[in-house]
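Scroll down for the structure; my scribbles are underneath it.
The values are calculated or read from the model by the stated rules, or taken from the named source; none is laboratory data. What you see is a predicted model; the values in this text were computed from it and never measured. Backbone-built Cβ (ideal geometry, glycine too); neighbour counts: all protein chains shown. Remember, those area values only see protein heavy atoms, side chains included, never the ligands or the DNA or RNA. Shrake-Rupley method; radii C 1.70, N 1.55, O 1.52, S 1.80 Å.
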Amino acid sequence: ISDQKPLGCWSVKHGQILTCPVVCNFETHEYIAVHDDKVLRIWKNEDINLDKAFKATLSADVYRIHSLPGGGPVVLFRGGAVRTLDVLLEAPQQEIENVVSDEVIRWSEAFMEGQQPVLIFTTEKDGDFFVYVQKPKMSSLHKYKLEQQESSKPLCFTAHLTKQTITLLCLYSNDAVYQVLIPLQQDTEEEEEEILSKSLLLNFSVPGTVLKGTSLVVLDKDHVAVLGSLAVPGKEPRECLSIWNTKFQTLQTSKELPLGTSGQLWCYEENFFLIHGKVLTVIMYKCETSSLAAAVGKLKDSQNLDVSSFVNWNTLEDEELVVSFQSQESVALKAESKMNLRSRRSTGAKVQPETLSVGQLLLNLKDASTYMLETELRQLMSKAPTPDLQATIGCVVTALTDRCKRNPKYYPQNFLLEIVETRDLSYSLCPDLMTVALEKKDMHLLQICLERFPDIPEEITYACLKAFLSISEAHLQNIDVNLDSVICYIDVEFDGKEVKTEIVENGFSAEMDQDMCDIKIPKETQSRSDGESCPVGLQKAALLNAVLHSAYTETFLLPHLKNLPAQQAILFLRYLYYLYVKCSEKVNTSLPGIRSPTINQIMDWMCLLLDAHFTVMVMLPEAKELLSNLHKFVRAQVRFYSELNKIEGSLRELQRLNHLRESQTYSIEVLEII
């Protein structure tokens, strides 16, 4: 989430449907999915094809799988039966009993009570709601009936386990949250159906508004979060996320979500997850100890007054300050805001200029002069380091790029370079920076970003590659580019004469490699195709090296690479081949210099490029010789390492003999390897 990088993607066959959420087995680090209600799939991160993953067809429809740390996955069937995954895999076709009678499961959750998993689920039948509590390892089952509420019904449920008691919270259609306490009974025999009484926990009564909740999560013993729509008389309902103090019945904070949501809200390790518009939004929060003073906004703790609010709700309000990444083609992750459940300041308190939050300061500088803007931003970055300093710098860069988009003539290249080179930033903190740099054709800034940012989307990486390949060598001569990654190994020309920087170690070189293959290449083609001379200039080579260093996921990069023009793809492949030959000249297969590409990076990109353009390259006459030479060189490499493998045993024996012999005198020995 922090790097906003997709790590893997798997899909079922056409016509198959995933019928319950996928979970992770914390013990085996495997993913578990169910498609078409009964087909169980289990696979690991390194598995690529889901169709080849482990498959088990069950005898009954699955409603949900719950994965518990320390307890393993628990499977809940639509008929109400519960099995642990281990028991289920021993006999996938085992008979599954029907626990519920003509009831439909509406919600389920699982907990760990000591070493025992506990599963709770609710069902509905003819307007009546029932609660089931099961301990699958003890074959314990208890059924309860939920007390009815006049003219309203439950919309959603959530629960938590505390001291042998399950606290079930029910969000009803009358805009209230009710609490139901269910003690965990120790006996394993089924008792008669009990009726659970409920008590009012929270009433969403805000003067002049009506909150219609759709999703509810528990944050701690005193706070809940509600996702729903806020209806104001005379206006259209607006979706919002709100935090409530259940202890003192107060609304702590609320924020409208203008792009709309799916109605679902998740909470994990002090992070909210919700679909906002077309993206998955992640909102950090922190619950502090509940007190009456904090609930009514009268807390006067000086430490709580000094709140850095650059990532408060305002970042969702003003798009120019939102640190986000949106993709048209895939669901992205978005780190939007961090909020603190602290006391709201008294409305009569006077805010001093030095206590302005970063968000407020940037809003005030929105229309300031260029000189004042940069001066204030430099002062902001020069402050003493704080835990939020990195995100503050991200907001500063966002403010600069916003000014660039509003004013095409404004572009603080040196200021942006200084920030990127001296601060530990990431793409997610300033997502518009590289887009603006591409528009301005700022190759130096793009190079630095590619080398430093760990979370660049594949779409942007491809855009940089295309820009680097399309720009002319003449134009690059006038651009300041960092040449540290190429200056130590690339061939340089002075006065039309080529100066070689080839380093031959232990007699291994490209010429020897060609001799091993018994293939003669005409001299006039060697300088052009066999990797002896670099097909691009120093500046372009340095830029391409930055692309090679950028992290990527093959599944998401390959579709973009297929759009690369054929001539640019051939040029890039020539350069990769040149680097491959250079690496092979050295025994340690590494290039000299700072941030030079590694042999693995070179080969991975060659494979990617060939996968994306192989058909086109085979058809193009100018690419055939390059592919032929690449094939010959790789074949020679295979032969060379095959010969090394043949003498590996003899070399190991020689090493062993040297350890056994303790010669004190100088000697020359000749060893004959047969």
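Summary of values
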| item | result |
| --- | --- |
| Rounded accessible area of V34 (nearest 10 Å², 1.4 Å probe) | 0 |
| Subset of K38/K125; K198/K247; K143/K247 violating a 20 Å alpha-carbon distance limit | K38/K125; K143/K247 |
| Pairwise label distance in nanometres, Q568 with S101, each label 7 Å out on the Cα-Cβ vector | 6.9 |
| Dipole magnitude (debye, nearest 20) for the range 620-659, charges at Cβ of Lys, Arg, Asp, Glu | 120 |
| Protein-only accessible surface order, largest first, of T165, T461 at 1.4 Å | T165, T461 |
| Accessible area, probe 1.4 Å, largest first, for residues K632, K646, K212 | K646, K212, K632 |
| Extension gain (nm, one decimal) between F614 and L483, 0.36 nm per residue minus Cα-Cα | 44.1 nm |
| Gain on full stretching of the segment that runs from N414 to Q115 - 0.36 nm per residue minus C-alpha separation | 101.7 nm |
| Residues of the range 44-70 with amide N under 19 Å of the 7 Å Cα→Cβ point at H14 | 49-52 |
| Residues whose placed amide H lies under 5 Å from that of R106, excluding near-sequence neighbours | T122, T123, E124 |
| Stokes-Einstein translational diffusion, the range 620-659 - Kirkwood Rh over all Cα pairs, 1.002 mPa s, 20 °C, in µm²/s | 172 |
| Using a Förster distance of 51 Å, the FRET efficiency for D220-D61 (Cβ separation, nearest 0.05) | 0.90 |
| Calculated from backbone phi, Karplus (6.51, -1.76, 1.60) coupling profile of the range 400-409 in Hz, x at Gly/Pro | 5, 5, 5, 5, 5, 6, 6, 10, x, 7 |
| Probe 1.4 Å - accessible area at R403, Å² to nearest ten | 20 |
| Amide H within-cut-off set for W43, under 5 Å, with H built and near neighbours excluded | Y31 |
| For the range 67-212, alpha-carbon Rg relative to the globular expectation (2.2 N^0.38 Å, N residues) | 1.12 |
| Where the range 620-659 is the region considered: accessible area per residue in Å², 1.4 Å probe | 69 |
| Residues whose placed amide H lies under 5 Å from that of H276, excluding near-sequence neighbours | T281 |
| Cβ crowding within 10 Å averaged over residues, with 122-128, 219-225 ranked highest first | 219-225, 122-128 |
| Shape box of the range 576-626 [Cα atoms, principal axes, largest first, Å] | 36, 19, 16 |
| With all protein chains modelled, accessible area of C24 [1.4 Å, Å²] | 50 |
| Label-point separation, S590 to E269 (7 Å along Cα→Cβ), nm | 3.2 |
